[in-house]
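The values are calculated or read from the model by the stated rules, or taken from the named source; none is laboratory data. Being a predicted model, the structure only gives us computed values, none of them experimental. FYI the Cβ positions are ideal-geometry reconstructions off the backbone, even for glycines, and counts take in every protein chain you see. For the accessible areas, the whole protein counts, side chains as well, though only heavy atoms, and no ligand, DNA or RNA atoms are used. Shrake-Rupley method; radii C 1.70, N 1.55, O 1.52, S 1.80 Å.
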Amino acid sequence: MSVRTVPETVAPPVVGERPILVALAGQPNVGKSTLFNLLTGLHQHVGNWPGKTVERKEGHFTFNGASYRLVDLPGTYSLTANSPEELIAREFILRERPDVVVAVVDAATLERSLYLVAELLPLPAPVIVALNMMDVARQEGIQIEPEVLQAALGVPVVPMSATHGVGVPELLETVERMARGELPYTPRLPQIRPDHREVLETLEERIAGYVPEPYPREWVALKLLEGDTEVTQMMRAALPLERWEEVHAVLRAHDDAQVAVASGRYEWIGRMVRAAVTRPRLGQIGLTERLDRWATHPVWGLVILASILGLVFWLTYTVGAPLQGWLEKGIGALAEGVRGLLTGAPAWLSGLLADGVIGGAGAVLTFLPILVIFFAAMAFLEDVGYMARAAYVMDGLMHLIGLHGKSFLPLFLGFGCNVPAILGTRVIESRRARLLTILLAPLVPCTARMAVIVFLAPAFFGPAAPLVSWGLVLLSLGVLALTGIVLNRVLFRGRRSAFIMELPLYHLPNWRTIGLSVWQRSLSFVRKAGTVILAVSVVIWALSTLPGGSAGESYLVRLGKFLEPAGRLMGLDWRLTVALLSSFVAKENSIATLGVLFRAGEEGLAGMLAATYSPLVALAYLVVQTLFIPCAATVGAIRQETASWRWTLFSVGLLLVISLLAGMVVFQVGAWVAKGV
Amino acid sequence: MSGKPAPLSPDSVPLSALRAGEVGIIATLSGGHNLRSRMLTLGLTPGAEVTVLQNYGRGPMIVRVRDARVALGRGEAEKVLVRRRAE
């Protein structure tokens with residue numbers, strides 16, 4: 001069956017009839033995104049869930065003339081309030097009451113992925129099980145009979161393989177018939193373990209009449225027993241004090257009920273799959289386990305990781321850098337063209353358009369080639385299942401700075417550009433670990449910062465330049481590690497989130513999923529971070545030309561001269577101070593700014609700088625510049641991902657203090673040593 | 001297997017003590033509410049069979065439970081008590 005059987009046209013809105021609302025639920029790594037992309041194609045909208053930094057994907061499609069609204073719920077292993085994702089998924093089903101919930105399960109890890117189904121069935125929306133990855137299960141030697149599973153569960157089960165487009169029309173037909181109420185729906189619900197049945201009944205009785213809409217009473221009782229924080233808070237507020245104390249006493253006497261509830265669900269799963277699944281003979285070793293002998297080995301795993309990352313770097317430099325160069329040239333030509341067209345117009349207008357708007361938009365665009373390569377590499381490694389292995393082998397080293405394995409890849413991406421690093425922190429579930437990673441990411445020296453180092457170092461340090469550059473990278477990483485240790489102690493009191501994660505099966509990449517992920521992430525970057533960069537570059541342009549129209553007496557220069565006494569502490573004069581300030585738009589801007597202030601092209605500039613400043617001043621400047629506030633794009637990304645100006649300002653302030661302190665230490669100690677000699 | 005915290009029987013050991021290839025039956029989970037919740041969700045329930053796929057004696061380890069591979073930090077693996085299954 002081919003993918004094309006799925007209609008991909010936009011449906012005209014049906015008058016007087018709302019589209020059928022379908023929620024897509026599933027654990028991580030079960031192929032949920034592949035199915036979502038297959039059904040909606042480019043007719044999807046990616047945003048955030050209100051008030052949360054969790055991605056919300058929604059799309060639409062038509063099937064047999066009816067239009068459907070498809071909401072992709074966050075991938076979660078369960079529906080207990082462990083994470084914002086889990087809360088979002090269950091609140092959506094409880095409040096929006098979708099017409100159908102499609103629960104995607106992985107046939108190769110059926111028991112584990114049915115756990116979410118066990119949580120979905122007691123909610124008030126009909127569930128269809130999409131038994132995905134049938135091909136992978138077959139490969140692993142697992143035989144499943146969907147009809148037997150369907151008979152056991154009492155809900156429709158559709159075998160399929162989203163990667164190959166197999167079973168999708170059947171799934172849609174089932175969804176259609178379910179939405180119309182044409183299918184029998186008699187789910188067999190999981191029960192709590194017998195030794196806790198009585199206490200569950202007691203609880204239900206105690207809370208009867210006090211459960212707020214739209215929560216089902218039995219579900220609330222079960223969640224109370226599970227120790228669910230949200231539901232517990234809700235019921236404490238809803239119950240009269242005396243009644244709450246009774247309930248609380250019951251719960252305290254059964255604080256081990258959490259295990260009974262989960263075990264009950266797994267016992268139910270065991271009964272459901274017993275007749276439907278035939279397992280491989282013992283001793284059969286699948287492809288995944290053979291690959292993992294290398295990929296997760298403490299030594300070979302690191303070697304493999306290093307090679308893969310090397311390849312990503314190589315791609316960036318051989319493909320991304322030239323593309324970036326062409327884009328820069330193209331944008332430069334466009335700016336000149338605009339200037340030419342506006343020769344009759346006032347100077348401020350052509351300057352605003354050519355330098356402010358086009359220059360600013362250009363800065364956004366020139367990021368794109370590198371971003372696209374990094375997004376593609378991330379999506380590819382994630383899709384084939386390698387990402388979890390990288391996190392696993394790096395776990396030990398990341399422990400040293402208060403993080404665990406999952407923070408490694410986002411931080412690594414920072415070497416290319418800090419923006420994807422910050423967007424990439426979405427793979428980290430724990431808010432605390434994610435925040436710490438975001439705060440540390442700007443300390444990874446990006447290519448733009450390296451470009452400044454590579455430009456200035458040879459002029460000042462001659463043959464020692466590579467050594468100085470290497471030292472600056474090491475300094476950054478050292479400061480990163482130190483900051484991690486300190487922040488973790490001070491801000492988070494050394495609490496570390498638990499490291500427990502699934503290692504999914506390896507499988508072939510799905511190019512559609514990867515392509516759509518790259519497209520969506522790039523678009524979101526251009527939209528959100530782009531507006532910040534554009535605004536900042538217009539402001540900087542205004543500061544650098546107003547009031548006189550020449551760079552010589554502009555506000556920026558005045559600001560530089562005003563700040564010179566502070567700069568002097570690090571050995572910087574007003575010109576270097578201005579260069580440092582302008583690096584906020586984009587790191588490589590500082591070279592262009594020095595070019596303007598020294599009235600020199602890039603060729604002559606290095607020599608002029610070497611004649612003006614001592615190597616010590618240059619070193620201090622490079623240290624400050626490398627650790628300084630990240631560029632506007634990165635700050636935009638930090639704002640976008642933390643959804644908090646407070647943390648964004650904290651990050652900026654932190655880096656400001658660190659970089660200025662480091663610059664001062666280098667300059668003052670260097671001057672003192674020089675005096676002694 | 002009861003839901004009450006099982007008495008520490010002499011034959012139950014932390015999961016981290018099992019070598020690669022060894023199989024254990026989960027006896028009890030210790031640790032905080034949230035950690036336990038995440039373990040239970042991933043299928044590490046009392047009575048479940050766990051096969052150790054990788055354990056180098058330090059750093060995180062990998063186990064197979066209910067057909068899925070789960071990576072655990074050493075600290076987390078120490079909180080899972082298992083009975084060694086006789087070969």
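Counting, for every residue in A:218-226, the Cβ atoms of other protein chains within 10 Å of its Cβ and taking the mean gives 0.
Please give the FRET efficiency for B:Glu49 paired with A:Tyr185, using the beta carbon to beta carbon distance and R0 = 35 Å, rounded to the nearest 0.05.
0.55
By accessible area of protein heavy atoms, probe 1.4 Å, what ranking do A:Lys587, A:Lys406 get, highest first?
A:Lys406, A:Lys587
Apply the a/c threshold of 1.5 to the C-alpha gyration tensor of the stretch B:12-84 and tell me whether it is rounded, prolate or oblate. Here the stretch B:12-84 falls in the rounded category.
Distance from the Cα centre of the stretch B:43-87 to that of the stretch A:579-652, in angstrom? Cα centroid to Cα centroid, the span is 49 Å. Compute the angle between helix A:110-120 and the longest alpha-carbon principal axis of chain A, please, reported from 0 to 90 degrees and rounded to the nearest 10. With both axes taken from Cα atoms, the answer is about 80 degrees.
Charge tally around A:Val157: other residues with Cβ under 13 Å, Lys/Arg +1 each, Asp/Glu -1 each, net -2.
How much mean residue ellipticity at 222 nm does chain A get from its helices, if each DSSP H run of length 4 or more adds -39500 (n - 2.57) and you divide by all residues, to the nearest 500 deg cm²/dmol?
Mean residue ellipticity, 222 nm, calculated: -19500 deg cm²/dmol.
With everything on Cα atoms, drop me the angle between helix A:465-490 and the longest principal axis of chain A, reported from 0 to 90° to the nearest 10. That works out to roughly 50 degrees. Taking only Cα atoms, what is the 0 to 90° angle, nearest 10, from helix A:602-612's long axis to the longest principal axis of chain A? Result, in degrees: 60. Mean partner shielding of peptide A:259-272, defined as the number of other chain Cβ atoms within 10 Å of each residue Cβ, is 4. Note on A:Glu245 and A:Ala643: the model spin-label points, each 7 Å out from Cα along the C-beta direction, lie 3.8 nm apart. Across the accessible surface of chain B, with the other protein chains kept in place and a 1.4 Å probe, carbon and sulfur atoms take up 53 percent. Shielding by partners for peptide B:42-53, expressed as the average number of C-beta atoms from other protein chains within 10 Å of each residue's C-beta, is 4.
Between A:Glu336 and A:Phe598, take the C-beta separation as r, use R0 = 22 Å, and let me know the FRET efficiency to the nearest 0.05.
0.50
When peptides A:66-75, A:388-397 are ranked by their average number of other Cβ atoms within 10 Å per residue, the highest-first order is A:388-397, A:66-75. Here the gap between A:Asp573 and A:Trp519, fully extended at 0.36 nm per residue and compared with their Cα-Cα distance, gives a gain of 15.1 nm. Legend: residues A:Trp672, A:Trp348, sorted from most to least accessible area (1.4 Å probe; ligands, DNA and RNA excluded), read A:Trp672, A:Trp348.
A:Ile128 exposes around 0 Å² of accessible area when a 1.4 Å probe is run over every protein chain in place. Computed from label points 7 Å out along Cα-Cβ, the spacing between A:Val303 and A:Arg271 is 5.2 nm.
What a 1.4 Å probe finds exposed on the stretch A:160-227 is 47% carbon and sulfur by accessible area, rounded to a whole percent. Pairs exceeding 31 Å between alpha-carbon atoms, taken from A:Lys32/A:Lys406; A:Lys223/B:Lys79; A:Lys32/A:Lys223; A:Lys57/A:Lys329: A:Lys57/A:Lys329.
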